[in-house]
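Remarks on the structure that follows.
FYI, it's all coordinate maths here, none of it is from the lab. In this text the structure is predicted, and so the values were computed from the model without any measurement. We place every Cβ from the backbone using ideal geometry, glycine too, and count neighbours over all the protein chains shown.
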Amino acid sequence: MGGVELRVGNTSIISPEDVGLIRSNPLVWIQRQPYTTGGVLDVNLPVPAVGRWVTLQNLKITDYYVRRRLEVIELEVYGLLQGERDQRPPSPPPPPPPPLQPLPPSPRPPRRPKKPPSPIAPPPLPPSGFSPDALASGYDSTCVLSHTTGELKCFGYGGFGVLGTGNNRNIGNQPNEMGSALRPVKLGPGLKPTSIASGCFHMCAILQPGGVVKCWGYNGNGQLGLGDTLSRGDKRGEMGANLAVVDLGTGLTATALVAGCYHTCALLQPGGIVKCWGLNNGGQLGIGDAVSRGDQPGQMGDSLPAVDLGPGYTVTALASGLYHTCAVLQPRGAIKCWGLNMYGQLGLGDTFNRGDTSKGVGAELSIVDLGKGLSATAVAAGGHHTCAILQPGSILKCWGNNYYGQLGLGNRFDRGSGQYSGEMGEELPRVDLGRHSVKPVAIALGEFFSCALLEPGGVIKCWGLNAAGQLGIGNTKNRGDQPDEMGRKLPAVDLGPGLNATMMSVGLHHVCAVLQPSNILKCWGENRFGALGLGDKRDRGTEKHHMGANLPSVDL
């Protein structure tokens, strides 16, 4: 790894002693090895101490899974306030490589050894009263809401209380953890969740009556909206009636929620306004500065500004990527995006962030050029890319980072960054999903891949990175990064004979879908923490025998 430099901010780190140069209150210094944890060094930092992430500078490795393995050996430096629990945040998802100049062949993940065929899965589970009516997927977790029973159940990665179980245990990666053993999340007497949203390591729900919001899980940036940085849901007595509602402001109720990696946004009534809280390093809160909200007292409620989207607009839909946020606006079905923009994910023809200064909000925040006569009816945001369903014609267009073909254009060139002329508007191609009679009715984006739900037929097609089988096509070959991989040559996900999808959600590296006529849930992709809810840690979708009738339904 010659030429790689470890830094905290602008300070080079060569040994543990170098951490003392950063300033000081107790600081935790960790050198992570694959199976061991290194030393802890106390350093004094002036209050307030803030988490500082060590970055790998000048890193030449571009393969995603190689970069991801490096996470376990990077340094983490995190400040602890006096009396605060030692609760170090997870490493944020790694950014994709920088934009490419004329391209070499796409890197391929190493082939996995062939596994013996799995036994045929049992028939779909009979209804239990708990029906999957809404889904939300996080970094390595999944939550399912049943309107029938008014219950919310979550499984997968359990760190920081993201599953709302009062502990940090993973659920779904061992036998006998699902089905009747999977307990509903306690949100308080008389309150029923009607809508859910998941960030990387936190979860939020709209509750009725009252349209109130409660959030739990990791809270290092105030994404729970509770005026502190203490996680909720990882200790007994933190959920149910003890979990405070988010103060949205006088007379305001939530009608929709979205969550980025470390921030949360809500569409509020009356007025159709948007308020966001949590991490704001790239302006993703859309309030004209880069100061996080919700991590200190006095920042929420009437003190929390609404996102200024300009005069005359009403928000009809929201989407959050890892570090950016987008809204569909009426009239005209316009889209505005704000936050981090290093790959053109805001669709504005440059790589300047928006929302972090007063010049990047309101009337000065430009509309995304979707093409003449086209208006958006839906928008979705992924790791560092964005997609929208446009009318007339129900066509799909995507922009932003395209290193793994997640824009579905048959190449790996970013769109929307201004690196090349003619990237947006009329020059931005639609995603070819096959026959013209098949139309996208829903879209969902992961970190480096995209999925569309198509009608008629309830078909799902996915493209982009496929290292964990998240495209659901029975191998680990990326799709969409080379010519002749899209359209009719892009396989649909094999959901099983006679089953059609009516709903889907996408995590960073996995997908879940509700299937009819049996009203069952199936999930595929990465499964190291049990996000697929199958009682083991094996990925699904990497081998042909994983899908179709062989893919079990989730026992809820």
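Quick notes on this one:
- Global form of region 419-502, assessed from the alpha-carbon gyration tensor, a/c cut-off 1.5: oblate
- Note, ³J(HN,Hα) from phi for region 179-189, Karplus 6.51, -1.76, 1.60, rounded to Hz, x at Gly and Pro: x, 5, 6, 7, 8, x, 6, 8, 10, x, x
- Amide H to amide H, with H built 1.01 Å from N, residue 208 comes under 5 Å of 192, 194, counting only residues 5 or more places away or on other chains.
- Amide hydrogen neighbours beyond the local backbone of residue 308, cut-off 5 Å, H modeled: 362
- Given 186/537; 372/522; 439/537; 439/544, the pairs whose alpha carbons are separated by over 32 Å: 372/522; 439/537
- With θ taken as phi - 60° and the Karplus curve 6.51 cos²θ - 1.76 cosθ + 1.60 applied, the whole-hertz 3J(HN,Hα) list for region 487-504 is x, 6, 7, 8, x, 7, 5, 7, 8, x, x, x, 9, 10, 7, 10, 7, 8 Hz, x standing for glycine and proline.
- Inter-label distance, nm, simple model (7 Å from Cα along the C-beta direction), residue 290/residue 176: 5.2
- Within-13-Å neighbourhood charge of residue 440 [Cβ basis; K, R +1; D, E -1]: +3
- Overall form of region 325-464: prolate. Here a/c, set by the Cα gyration tensor axes a ≥ b ≥ c, is 1.5 or more, and a/b is the larger of a/b and b/c.
- Taking amide H positions as modeled 1.01 Å from N, with prolines and chain starts lacking one, the residues under 5 Å from residue 314 and 5 or more places away or on another chain are 330.
- Region 497-522-region 441-492 distance, computed between alpha-carbon centres (Å): 14
- Tensor-based shape of region 146-192 (alpha-carbon gyration tensor, a/c under 1.5 rounded, otherwise prolate or oblate): oblate
- Residue 302 versus residue 421: modelled label distance in nm, points set 7 Å from Cα along the beta carbon direction: 5.4
- Sorted by Cβ density within 10 Å, fewest first, the residues 494, 350, 140: 350, 494, 140
- Length added when fully stretched, residue 330-residue 455, from 0.36 nm per residue minus Cα-Cα: 42.5 nm
- Computed from label points 7 Å out along Cα-Cβ, the spacing between residue 537 and residue 518 is 2.8 nm.
- Between region 382-404 and region 406-433, the Cα center-to-center distance that results, in Å: 9
- Karplus (6.51, -1.76, 1.60) ³J(HN,Hα), θ = phi - 60°, over region 203-215, in Hz, Gly and Pro reported as x: 9, 9, 9, 8, 10, 10, x, x, x, 8, 10, 10, 10
- Residue 363/residue 228 FRET efficiency (R0 35 Å; Cβ-Cβ; nearest 0.05): 0.50
- Taking Cβ atoms as reference points and 13 Å as the exclusive limit, the residues near residue 555 contribute a net charge of 0, counting Lys and Arg as +1 and Asp and Glu as -1.
- Local charge for residue 363 was computed over the other residues whose Cβ lies under 12 Å away, with Lys and Arg +1 and Asp and Glu -1, and equals 0.
- Length available on full extension from residue 169 to residue 372: 0.36 nm per residue minus the Cα-Cα distance, which gives 68.0 nm.
- With neighbour counts taken as other beta-carbon atoms within 10 Å, the residues 247, 295 rank, fewest first, as 247, 295.
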